Amino acid sequence: MGTFAALVSAGASVGALVAAIAAAVVARRLYAIEVGRDVASAEAARREEPSKVCAWVATWLDDEGRDDGMELVNGASTPVYDVLVHSTSKTGREEPVLRMNVVPPGRYFVRRTNTQYHWDFPRPVRHLVGEIRPIMKKPDWTVTELTFADAAGRRWRRDEHGTLHAH
């Protein structure tokens, strides 16, 4: 009888070992899935504020006429820094780069000028009288690149298609 009991005990021990190995394999797979979710969640959180920064060419219409320029939106909760906006004119030629050290949260219209600075001071859209119309049907007249640093110092680039890239 002792031999049978030893065999049953040995079988139970092997079964327990197999179950423990299977549990370890399943736990490792679940851990890898959770780590992947954490990484994806952290990346989404990192991109959330920068994804709210964009620019497009626009025209400001008021009683005095029309001014061409661009609308710049910082929908993030913090300022962005070292902003460079590359664009083209309505004839498709490259415009001088719009450079700003800081852009606080908000919507701004920046008028194109023929001065040595090329661009007027950004004006908050809420203070403008008239209408701002985005240019949507002229592919040669567009913002070709927007680069900036977020409040954490990370560099970002939005390409001519509006896609956001870590820079």
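Computed values, structure above
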quantity	calculated
Residue (of W141, S77, P105) at the positive-pole extreme of segment 53-166, dipole from beta-carbon charges	S77
Choice from R93, R154, R123 with maximal GNM fluctuation in the chain (Cα, 10 Å cutoff)	R93
Fluctuation leader among Y117, Y81, Y108 - the chain, Gaussian network, Cα springs under 10 angstrom	Y117
Dipole magnitude (debye, nearest 20) for the chain, charges at Cβ of Lys, Arg, Asp, Glu	380 debye
Gain upon complete extension [F4, D140; 0.36 nm per residue less C-alpha separation]	40.3 nm
Per-residue Cβ neighbour rank within 10 angstrom, fewest leading, K52, K137	K137, K52
MRE, 222 nm, helices only [DSSP H, n ≥ 4, -39500 (n - 2.57), over the chain, to nearest 500]	-10500 deg cm²/dmol
Gaussian network model of the chain, springs between alpha carbon atoms under 10 Å - residue of R155, R112, R133 with greatest fluctuation	R133
Label of the coordinate-derived value, Cα extents along the principal axes in Å, listed as [x] 108, 29, 26; [y] 123, 85, 72; [z] 60, 46, 28	[x]
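All of the numbers you see were taken from the coordinates with simple rules; none came from a lab. These numbers were taken from a predicted model, which means no experiment stands behind them. Here the Cβ is made from the backbone with ideal geometry for all residues, glycine too, and neighbour counts use every protein chain on show.
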